[in-house]
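Trainee: Have a look at this one before I ask anything.
We did not get these values from a lab; they are worked out from the coordinates using the rules stated. Quantities reported herein were computed from a predicted structural model and do not represent experimental measurements. FYI the Cβ positions are ideal-geometry reconstructions off the backbone, even for glycines, and counts take in every protein chain you see.
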């Protein structure tokens, strides 16, 4: 469904229209008049004949037509009544600027419920309440009251900023404008009672003028539309950068008090965004730091960077920054080094990073001699020029021209790092992205290159919310849990529920490697903490003694005795964990990682959304801290990643069926040729 | 020894003086004339009568006095001859600007050796060669040819920038000047043939006008002087920030090709800087990002931060950033929340972070009402104000005044984050440090607070280089190594070298828990990779078989048989590592951490310089990834940190004696009540 009636309406009515262009009900009118809006503007205010030199109307009935869009800038008490009138008249979309709804308490939440009902029954779409408004600078439809557009005048350009928060729509806008970058869209949706940030984004990324989309999200309640936005954006080659706040527990608490939203586990959001090729920015600066790079249309062939500088220190610092931000220093082809060695003075460095030294002062052509060699080298994907020393006596206009020639000839991404404004300005005039420091330049390049790779690798996929999670659930005991995971192909040890010590001794007879005895009760999830796991029992006498001790201990703990679980001892192996849960918003979420008793204290696990492939699991395992164990250390054979994948697939299948809500296989005893669930715990719907 | 004859000389001669103020031999003269140097300037150039309107002299003999300092801006071929003449005449200090010495090859290194001899025999001190020069803007003694002082005009202020690299002396200078911060010293020492960056720093931090010292180091060959600089700086409360490049392997390689320096293990440098209270900056931006904060003279009482903003989004993002950068969100005292709740509208957040909401638009006094409560709360150490939405209609001059009142009244550090220049400027006029984003503000605050704590906790101490490391060394076998560590109080298992299987079987008789058999040869450091470690042997037959297999295997490997090491089996425990080496520059370096066969593949260890206390080791262990194991997980008892300390102390003692060059105890089998060296390997001088 198109939202063009909000982004490019043929006509806009303003409820609460103000003669004062500095008031909320006045600013949108001023903006639309100033910023070239070509549609019709209808101020509505029963107390005035005209508003800002436009005829003013007492109500909708008095208008010469039904407006496509309406801005609702009246007091909160009058919002619902106004909405109803708009719906009745056939207005297509409303922006509610009034606040004091869901963010203020229960009454406000009920009002938002009514707004959703109005939207659903009438088909009229609603942005807000508590919305700072929408601003499309290409069409001039500025249905927004932000003062930022006064202090940092707009220039319609290729970036779209879309946010729930008003502040976080104009903060990236302001930072981009101060860097001279044009912003075409700046939208703040507020409480998202009807239209969500994600739905709006799915619309905006279809605008052919949009080349980069920056989102600020406090909640992610509408992942289906975000997945759609990402799919459309990837199809058009438009990168999406999202700042999702509330990563930290304190941030989640602050967000909850601010928006009343329920937090999704933050790593699920990471996994979701990654899956859809959306870059997650860590903070405000990371939203905009690489914007210039995205707008060049570059398709980097990899992450191997060449560095050319007239300072040895910059070479060293750049090499450090390359490692810090995860790029790779290019290894030049031998002929590249040979040619460069011939061009540079003896004491200069012809290997990457290339230190052309102060010789640049006497030979302004050095960049022009070196850069074509770097450009032609197939081992180089990207280039950074560092000129920390320059100024009078340096022909930096020529350096800029030589760099621009490189950029045009080889199509490889290139940036400048220079502390001096006049040097940066010379390069910027040639269209080259510039940074103050090598640190900032390389950080931005790394984000850009990694994001391009993320978009290429994105698998996308649809999202279906899961109903009824958290309503009623119960824990299965270990015996039952092992049976359920075994059904899905997870290897489990031989085992038996023993009502008597004799049964356990019988079981021992069939287990030459010995057995383990455990309490088997859903009431005791951490059995070993209570001394209810006895391992390595090899004689009938040992079995009898431990059986009796477990039974006594359960009695002391007031847990009903329903037999002791006897299981065969497993060969030693690494204790891993495979588990997962059903997320109400994102569906099955599976984790794989290091297990054992330190799984919470020293967490080392990765999260996978479904569906996933064996390759996905192998990559996830390789990114663990214990990743080297799957390759083998000190010449030994690696742990069997395929067995971990099979266990993870079994967990995913269990969760996908909808009845199992959570699975915890810990430890999954993993060796070089297999993996066996030594313990399992399932939560199921009642 | 004072270097004032270089920083504030009564007279300066310039060899290679140029009439052209844009040449290397002309620029210092121009600078000194323009920047208020009150001493006497003596251009020396046999070809000219006058230079830049000053009388010019043919040589030193012709001067009316012996100059205190000399700038040597002649061609490299004439440098040594000029130096000799200066030394003969009694010049106190020279700055050599000519390049092409140590950085260019062997011949240049020999020339630098001669420079050191001249300095040592005459007492004349030498800066350089390859030095961009020294600039003291307080005295106007600008013995430097940097063009940066033209593009970013100096203003003598409280910051000192000292660097080997010319570029990295003026890059922080430029970044600071662009932020309006005054720089009093800007020195680039070049190749450090005589005076090192560290020695110069030890002099500069005595300048009472210096309040912040920023260093760029490519090598750290003179740690004794850096320790002295740090000690003097701490005594005066002057923070030192050091950017030490070459952290990454590629960076080290680039630095080696740039300066020919030998790399010290980077973590040793971390430990050294930490010990002396010097903050290590990660990159160029981190050198200057917190400069404004250091210059306020604040003494933060802790790292508990309060956030006050008119945007809920900024509150959430700030809470995230607080966690990201390791500050703590302050928990207000109950009465603080009560009072704030009374002041703010119903829907505003009275807990930290405080969201005063858009109500700020109608009540400009809200900051003034809230801030005194925050200031008086003993649980608040620092404050950030975030104003992402402002502009026309907002009384930000008043907000700035209210914030300045807070700062003056409570003496607590406070910063502003605001994307709009006019808001930042209003706060800056009141002396409040300002940032564009909450991310940058909180990152800078975290650095500042952590650095102040680092200075308070610094233990300092002297540094003595160790001679002869790397000249001749040999590896001891395990039996001998265990004996040496046992002498220092490290617990080792019962053990015996057995020439025959019968001896091993005898040994078994005394070990009820079984024994382990191992090859005992310094030629095989990784015995288990070759199948030369056999554990858990409990019967004479097992012992006989494995003894024979080990002996056969050694024969196949062509290793001389000198008996098999039999040792008692240890109770299971966590495999840790304790080891160390003798660093030629920094002395004994000890590591403690997670051990076993994955010690290289999954490193998790910390490094300690000597001397260290039990507390130091406990802190180091707690910062490990396996740190929780020392507290105990899931209700269990923690590993014995004291036993690890004792082993580390033993290693430190061994190394301090000077004969042992390296120690590797891996694994150190550690349980809840002790630690035993299951293996040890020592390198000793031959």
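Trainee: Note down the nm distance, to one decimal, between modelled labels 7 Å out along Cα→Cβ at residue B:235 and at residue A:235.
Mentor: Going by the 7 Å Cα→Cβ label model, 7.3 nm.
Trainee: Please work out the Cα center distance from region A:594-659 to region B:69-120, rounded to the nearest Å.
Mentor: 62 Å
Trainee: Is the C-alpha gyration tensor of chain A telling us rounded, prolate or oblate? Criteria: a/c under 1.5 is rounded; beyond that, a/b larger than b/c is prolate, otherwise oblate.
Mentor: It is oblate, given that a/c is not under 1.5 and a/b is not larger than b/c.
Trainee: Where does chain A land at 222 nm, in deg cm²/dmol rounded to the nearest 500, when only DSSP H runs of n ≥ 4 count, each adding -39500 (n - 2.57), divided by all residues?
Mentor: Taking each H run of at least 4 residues, the total per residue is -11000 deg cm²/dmol.
Trainee: In nm, one decimal, shortest first: how far is the label point of residue A:613 (7 Å from Cα along Cα to beta carbon) from the matching points in the other copies?
Mentor: Inter-copy label distances (nm, one decimal, shortest first): 5.7.
Trainee: Which value, in Å³ per residue, describes the convex hull spanned by the Cα atoms of region A:146-280?
Mentor: Value for region A:146-280: 103 Å³ per residue.
Trainee: Follow-up. Can you figure out the FRET efficiency of residue B:459 with residue A:506, using R₀ = 60 Å and their beta-carbon distance, to the nearest 0.05?
Mentor: Once the sixth-power term is evaluated, E becomes 0.40.
Trainee: If you don't mind, another one. Ranked from highest to lowest mean number of other Cβ atoms within 10 Å per residue, what is the order of the peptides A:376-385, B:23-32?
Mentor: Result, highest mean Cβ count within 10 Å first: B:23-32, A:376-385.
Trainee: Which of rounded, prolate, oblate describes region A:306-435, given a ≥ b ≥ c as roots of the alpha-carbon gyration tensor eigenvalues and a/c under 1.5 marking rounded, otherwise prolate only if a/b is larger than b/c?
Mentor: Rounded, since a/c falls under 1.5.
Trainee: Rounded to the nearest Å, what's the spacing between the alpha carbon centres of region B:1-65 and region B:380-417? Just the number, please.
Mentor: So the two Cα centres are separated by 49 Å.
Trainee: Answer rounded, prolate or oblate for region A:538-643, using the Cα gyration tensor with square roots of eigenvalues a ≥ b ≥ c: rounded when a/c is under 1.5, else prolate when a/b is larger than b/c, else oblate.
Mentor: oblate
Trainee: Another one. With just the Cα atoms defining each centre, how far is region A:533-571 from region B:216-237? Give it in Å.
Mentor: The two parts, judged by their Cα centres, are 64 Å apart.
Trainee: Let me ask something additional. Based on DSSP, what percent of beta bridges with both residues in chain B are antiparallel, to the nearest 5?
Mentor: 50 percent
Trainee: Tilt of helix B:478-487 relative to the longest C-alpha principal axis of chain B, in degrees (0 to 90, nearest 10)?
Mentor: Computed tilt is about 70 degrees.
Trainee: To the nearest 0.05, what FRET efficiency results for residue A:541 and residue A:499 with a Förster distance of 22 Å applied to their C-beta separation?
Mentor: According to the calculation, E is roughly 0.70.
Trainee: Label-to-label distances across copies for residue A:179, with labels 7 Å out along Cα→Cβ, in nm, shortest first?
Mentor: Label-point distances to the other copies, shortest first: 1.9 nm.
Trainee: What does the highest-first list of B:583-589, B:55-61, A:631-637 look like by mean Cβ count within 10 Å?
Mentor: Top to bottom by mean Cβ count within 10 Å: B:583-589, B:55-61, A:631-637.
Trainee: At what distance in nm do the modelled label points of residue A:54 and residue A:224 sit from each other, each positioned 7 Å from its Cα along Cα→Cβ?
Mentor: About 3.6 nm separates the two model spin labels.
Trainee: Ok, one more. Run a plain Debye calculation on the protein assembly as shown (Cα atoms as equal point scatterers, no solvent) and give log10 I(q)/I(0) at q = 0.06, 0.07, 0.08 Å⁻¹, rounded to two decimals, same order as the q list.
Mentor: After summing over all Cα pairs, the log10 values are -0.68, -0.91, -1.15.
Trainee: Partner chain Cβ atoms within 10 Å, averaged over the residues of B:318-326 - can you pull that number for me?
Mentor: The mean count of partner-chain Cβ atoms within 10 Å per residue comes to 6.
Trainee: Other chains near A:512-519: what is the mean number of their Cβ atoms within 10 Å of each residue's Cβ?
Mentor: Shielding by partners across A:512-519 averages 0.
Trainee: Related question: Would you mind checking the tilt of helix B:396-410 against the longest principal axis of the Cα atoms of chain B, expressed as 0 to 90 degrees and rounded to 10?
Mentor: 60 degrees
Trainee: Follow-up. Mind checking the mean number of beta-carbon atoms from other chains within 10 Å of the Cβ atoms in A:631-642?
Mentor: Counting Cβ atoms of other protein chains within 10 Å of each residue's Cβ and averaging gives 2.
Trainee: Separate question: Using label points projected 7 Å from each Cα along Cα→Cβ, tell me how many nm separate residue B:338 and residue A:209, to one decimal.
Mentor: Here the answer is 5.7 nm between the modelled labels.
Trainee: Report the closest approach of any chain B C-beta to the axis of the B-to-A rotation: residue and distance, in whole angstrom.
Mentor: Nearest to the symmetry axis by Cβ: B:625, 4.
Trainee: Calculate how many DSSP beta bridges within the protein assembly as shown are antiparallel, expressed in % of all such bridges and rounded to the nearest 5.
Mentor: The antiparallel proportion sits near 50 percent.
Trainee: Also: How far, in nm to one decimal, is residue A:346 from itself in the other copies if the label point is set 7 angstrom along Cα toward Cβ? Shortest first, please.
Mentor: 8.4
Trainee: So how tilted is helix A:641-656 from the main axis of chain A? Cα-based, degrees 0 to 90, rounded to 10.
Mentor: Helix A:641-656 and the main axis of chain A meet at about 80 degrees.
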